[in-house]
Amino acid sequence: MPRKGRIIDQLMVTPGNPAAIGDRDPGWTGGPDYEGLSQDELEAEARAVLAEGVEELSDAQELLWASDTYALLVVLQAMDAAGKDSAIEHVMTGVNPQGVQVVSFRAPSAEEHDHNFLWRISKGLPERGRIGIFNRSHYEDVVALRVHPEWLGSQLPTAEVGPEIWDERYEDINAFERHLDRNGTKIVKLFLNVSKAEQKRRFLARLDTPHKEWKFNAADVTERGHWDEYMSAFDAALTATSTPWAPWYVVPADHKWLTQALVVRILVETIRGLDLQWPEVSESEHKANAEARRQLEAEA
């Protein structure tokens, strides 16, 4: 198996097995295949893979659009400052904007609270032929809300929340994603695994850079105090919901150049796995095209 394929396989949470996020190194740089390279060489290699992947993803998205049989849903989850926005920016830079939509999910509105937790997710799904990116997603309802069950508010018919709610929600999510897969929405889920030390460095960098301070939110530091609880919640969610039809990948996120290269490879390989075909031109269409060509060539 080519080394790119081996690396992607290492990132996947094998369905039925523990995600074991704590055993995965956020600063991982490719393992034995790359251990002889310096940091500069590693970064140069990753940027070359990203550039190649961006071109391949552009072609893959065009085929996705032309075939009009599948949609691709990319779910991005991570702790703050893990690089979700920059991954979207760099990986999608060569894709036709008409073929991509990005939906960011924040705290639910009053209207959203009056519906089930998957209602707003359903509204944001991509149509066939398009790539949809969820910057955060329905997984906030089994991660952030597991850390802060008081945020459930009026989402449930009863104020009492037992431990069984999380298993019930995993079951709901798996059934929902299975339904989407059966109806032509291929799902790939990416957890950008940043270390606590790297998150701190990025927070301080935002504060130290005048035109970046707007990206800093003091509340993020409060949430940082719940780091272990978040890691536990993510680990449980990924373990319970990495399925053959909607697998999770744990992408090391301490080096953005590597994160972006890995993300683009995963997306390209996922679309290729759909075995899409270009639309066929019928005999009558071919004849009409030939006549149109004759007319064009006959013009003075």
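The values are calculated or read from the model by the stated rules, or taken from the named source; none is laboratory data. From a predicted model like this one, the values you see are computed outputs, not experimental measurements. Don't worry about glycine lacking a Cβ; one is built from the backbone with ideal geometry, like all the others, and counts go over all protein chains shown. Heads up: the accessible areas ignore ligands, DNA and RNA and are worked out on the full protein's heavy atoms, side chains in. Shrake-Rupley method; radii C 1.70, N 1.55, O 1.52, S 1.80 Å.
Which is open to solvent by 10 Å² or more (accessible area, probe 1.4 Å) and farther than 27 Å from T222 by Cα, of D23, D85, D114, D80?
Of D23, D85, D114, D80, the one residue that is open to solvent by 10 Å² or more (accessible area, probe 1.4 Å) and farther than 27 Å from T222 by Cα is D114.
Looking at (1) in contact (Cβ under 8 Å) with a residue 12 or more places away in the chain; (2) open to solvent by 70 Å² or more (accessible area, probe 1.4 Å), can you tell me which one K212 breaks?
It fails just one condition, (1).
Among the residues of region 88-101 satisfying the criterion of being in a loop (DSSP other than H, G, I, E, B) and open to solvent by 40 Å² or more (accessible area, probe 1.4 Å), which is farthest from V264 (Cα to Cα)?
Filtering first and then ranking leaves N96.
I need every pair where a residue in region 116-130 that is at positive phi has its Cβ under 9 Å from the Cβ of a residue that is open to solvent by 60 Å² or more (accessible area, probe 1.4 Å) and part of a helix (DSSP H, G or I), sequence separation at least 6 or different chains.
G129/W65
Of the residues that make up region 153-170, is at least one open to solvent by 50 Å² or more (accessible area, probe 1.4 Å), more than 25 Å from P15 (Cβ to Cβ), in contact (Cβ under 8 Å) with a residue 40 or more places away in the chain and in a helix (DSSP H, G or I)?
Yes, that holds for at least one residue.
Can you name every residue in region 119-137 that is part of a helix (DSSP H, G or I) and aliphatic (A, V, I, L, M)?
Answer for region 119-137, where residues must be part of a helix (DSSP H, G or I) and aliphatic (A, V, I, L, M): just I121.
Is it true that W119 is more than 18 Å from the chain's Cα centre (by Cα) and surrounded by 16 or more Cβ atoms within 10 Å (Cβ to Cβ)?
So W119 does not fit the description; no.
For region 182-200, enumerate the residues that are closer than 28 Å to R130 by Cβ and surrounded by 17 or more Cβ atoms within 10 Å (Cβ to Cβ).
Hits for region 182-200 are T185, K186, I187, V188, K189, L190, F191, L192, N193.
Pick out the one residue from L42, L64 that is within 17 Å of Q260 (Cα to Cα) and assigned to a helix (DSSP H, G or I).
Matching residue, one of L42, L64: L42.
If I ask for residues that are within 17 Å of the chain's Cα centre (by Cα) and of a type in the set (D, E, K, R), which ones from region 122-145 would you list?
Passing the criteria: E127, R130, R136, E140, D141.
Which of the helices (runs of 4 or more DSSP H) found entirely inside region 206-300 contain at least 3 residues meeting this: within 16 Å of the chain's Cα centre (by Cα)?
Passing ranges, in order: 227-241, 256-272.
List pairs: first residue in region 251-265 and open to solvent by 20 Å² or more (accessible area, probe 1.4 Å), second residue hydroxyl-bearing (S, T, Y) anywhere in the structure, Cβ distance under 6 angstrom, at least six positions apart or on different chains.
D254/S195; K256/S86
Would you point out the residue of region 34-64, among those that are at pLDDT below 95 and polar (S, T, N, Q), that is least open to solvent (accessible area, probe 1.4 Å)?
Only one residue fits best here, namely S38.
For E198, only one of the following conditions fails: (1) within 25 Å of I7 (Cα to Cα); (2) in contact (Cβ under 8 Å) with a residue 24 or more places away in the chain; (3) assigned to a helix (DSSP H, G or I); (4) touching a helix residue (DSSP H, G or I) at 6+ places or on another chain (Cβ under 9 Å). What is its number?
So the condition that E198 fails would be (4).
Residue-by-condition table, conditions (1) in contact with a Gly (Cβ under 9 Å, 6 or more places away or on another chain); (2) under 25 Å from V143 (Cβ atoms):
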| position | (1), (2) |
| --- | --- |
| I7 | yes, no |
| L37 | yes, no |
| L63 | no, no |
| K84 | no, yes |
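Under the condition of being touching an Asp or Glu at 6+ places or on another chain (Cβ under 7 Å) and among the small types (G, A, S), which residue from region 24-79 is farthest from I173 (Cα to Cα)?
Per the stated criteria, the residue is G27.
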